[in-house]
Amino acid sequence: MILDLIKKNDEYRASFIPMQASENILSPNVRTALSSDLASRYSLDFNGDDGYAGNKYFHEILDNIYKNVSDLFSAKFCDPRPLSGHIAASVSLYSLMENRKVMAVHEDNGGYPGYVALQNLLNYNLISIPVKSGSIDYDAMEKIARSERPSVIILGQSEFTMPYDIKRVYDLSREIDSRIIYDASHVLGLIAGRRFQPDALRYSDVLLGSTHKTFFGPQGGIILTNNDEIYKKIEKNIMFKFMDNYNLSRFAALGVAVEEMLRYGVEYASKVIENSKKLREYMNERSFNIPETESHQLLLNINDLKAKDYDFKSFSYSMERAGILIDRVGRIGLQEITRLGYDDMYKISEIFYSVYNKINMGISIKDIVRQFKIMYW
Ligand SMILES: *Cc1c(COP(=O)(O)O)cnc(C)c1O
């Protein structure tokens, strides 16, 4: 029975210390919204004429989301319909491209693999933003951008630890008549909490992202802009090109998450980044060489792992056996355990250290997990 498996999965996942950079825990209220009646309803079109009946309260929910998202991000326009960050990115690219050139950090340097994969589908060529020792090489970038003149520059990465010199990229983009898409999939909750790149929307044409990584929402995507014309284009392109229905219960859940963010976003984002810096410090005291971070992510150093005959994948498997979930590509995320109210980073560093050195330090995962309690709702 699937229901048995679901119950087993719930218990199984609750037995781990969750540290995957793309995931988070939902508040009980967001979960309630997700399984409400709206989960099987339709709405078509926005603002005013709905092609479906019975949506009186749904439209009240929608109005609320628009108002609250504007407040939260100081954004003039918001489109919360994209079913995922990837769809938000696809429709935004499709709407903003004027020529066939798009500039972004390549996946080999921590960029989003989707921007490589979308080249064929959306018919563009990806020009890599040059990266030097982990951050954008702005001089080299300007040189390439001035000669190639891409119509879109994408900022934002899947490995995302430091904010950009975004004003510099903005000035460059106005000079060469490009549009900036800021892909905040990983850091949306930290931007909402004003603790990471608070000027991201001010210096970009579109800010988009997933609503479920550092943000408190259900899995989904969102697009923000202050530009009327761009908003209209995106709004028109989403429908029937990139999707039809937009999952009404997801909207309801997003609405609840936005309310939680308005109330607790600053406190949460501050604590996430504090924990992230603290864990890095403790791990580096224990012989890891993890690069500096200003976000929810720590990036494992492959040379550290190689010294102990690990790679990202085998280390992740060993960590999983020890009770901590990290992904298979070397990222550690602090957002979920922070939301679970846990902040003993010294203890977490001990677990990493014991797996790294293949020693047993007698730390009880059960004792840690027992202390978890969902916060900020
Ligand atoms: C995760 C991610 C996406 C895709 O988001 P989904 O919600 O999983 O579709 C897009 N861009 C970046 C930078 C990401 O990290």
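The values are calculated or read from the model by the stated rules, or taken from the named source; none is laboratory data. It should be emphasised that the depicted structure is a prediction, and the values quoted were computed from it without experimental measurement. Note: ideal-geometry Cβ built from the backbone for every residue, glycine included; neighbour counts use all protein chains shown. Side chains are part of the model used for accessible areas, which takes the heavy atoms of the whole protein and leaves out ligands, DNA and RNA. Shrake-Rupley method; radii C 1.70, N 1.55, O 1.52, S 1.80 Å.
Couple of notes before you dig in:
- Of residues in the range 107-134 being more than 15 Å from the ligand (Cβ to nearest atom) and either loosely packed, with under 13 Cβ neighbours inside 10 Å or at pLDDT below 95 (or both), the one farthest from S158 (Cα to Cα): N123
- Test: S185 is more than 10 Å from the ligand (Cβ to nearest atom), in contact with a strand residue (DSSP E or B) (Cβ under 7 Å, 6 or more places away or on another chain) and either open to solvent by 20 Å² or more (accessible area, probe 1.4 Å) or under 19 Å from S90 (Cα atoms) (or both): no
- Restricting attention to the range 203-241, the residues being at pLDDT 95 or above, part of a loop (DSSP other than H, G, I, E, B) and open to solvent by 10 Å² or more (accessible area, probe 1.4 Å) number 8.
- Taking the numbered list (1) of a type outside the set (G, A, S); (2) modelled with pLDDT under 95; (3) surrounded by 11 or more Cβ atoms within 10 Å (Cβ to Cβ) in turn, K56 passes all entries but (3).
- Selection status of Y346, open to solvent by 70 Å² or more (accessible area, probe 1.4 Å), in contact with a helix residue (DSSP H, G or I) (Cβ under 7 Å, 6 or more places away or on another chain) and in contact (Cβ under 8 Å) with a residue 40 or more places away in the chain: yes
- Selection status of M141, assigned to a helix (DSSP H, G or I) and either within 16 Å of the ligand (Cβ to nearest atom) or assigned by TED's automatic domain parsing to the domain that holds V187 (or both): yes
- Scanning the range 89-106 for residues that are closer than 26 Å to Y138 by Cβ and either hydrophobic (A, V, I, L, M, F, W, C) or within 8 Å of the ligand (Cβ to nearest atom) (or both) yields a count of 8.
- Looking across L5, L34, L38, one residue alone is hydrophobic (A, V, I, L, M, F, W, C), in contact with a helix residue (DSSP H, G or I) (Cβ under 8 Å, 6 or more places away or on another chain), open to solvent by 40 Å² or more (accessible area, probe 1.4 Å) and modelled with pLDDT of 95 or more. It is L34.
- One residue stands out among those in the range 64-80 that are under 18 Å from N247 (Cβ atoms) and open to solvent by 10 Å² or more (accessible area, probe 1.4 Å): the one that is farthest from the ligand (Cβ to nearest atom), which is N64.
- As a summary of the residue check, S287 satisfies the conditions (1) open to solvent by 40 Å² or more (accessible area, probe 1.4 Å); (2) assigned to a loop (DSSP other than H, G, I, E, B); (3) modelled with pLDDT of 95 or more; (4) closer than 30 Å to Y356 by Cβ except for the one numbered (3).
- Test: residue in the range 225-235 that is under 23 Å from I61 (Cα atoms) and without any contact (Cβ under 8 Å) to a residue 24 or more places away in the chain: yes
- Of all residues in the range 114-129, those that are in the same structural domain as A145 (by TED's automatic domain parsing) have Cβ atoms under 7 Å from Cβ atoms of residues that are among the polar types (S, T, N, Q) and surrounded by 18 or more Cβ atoms within 10 Å (Cβ to Cβ), 6 or more apart or on another chain, in L118/S90; L122/S90.
- Within the range 309-342, being in a loop (DSSP other than H, G, I, E, B) and open to solvent by 70 Å² or more (accessible area, probe 1.4 Å) holds for D309, D311, R328, V329.
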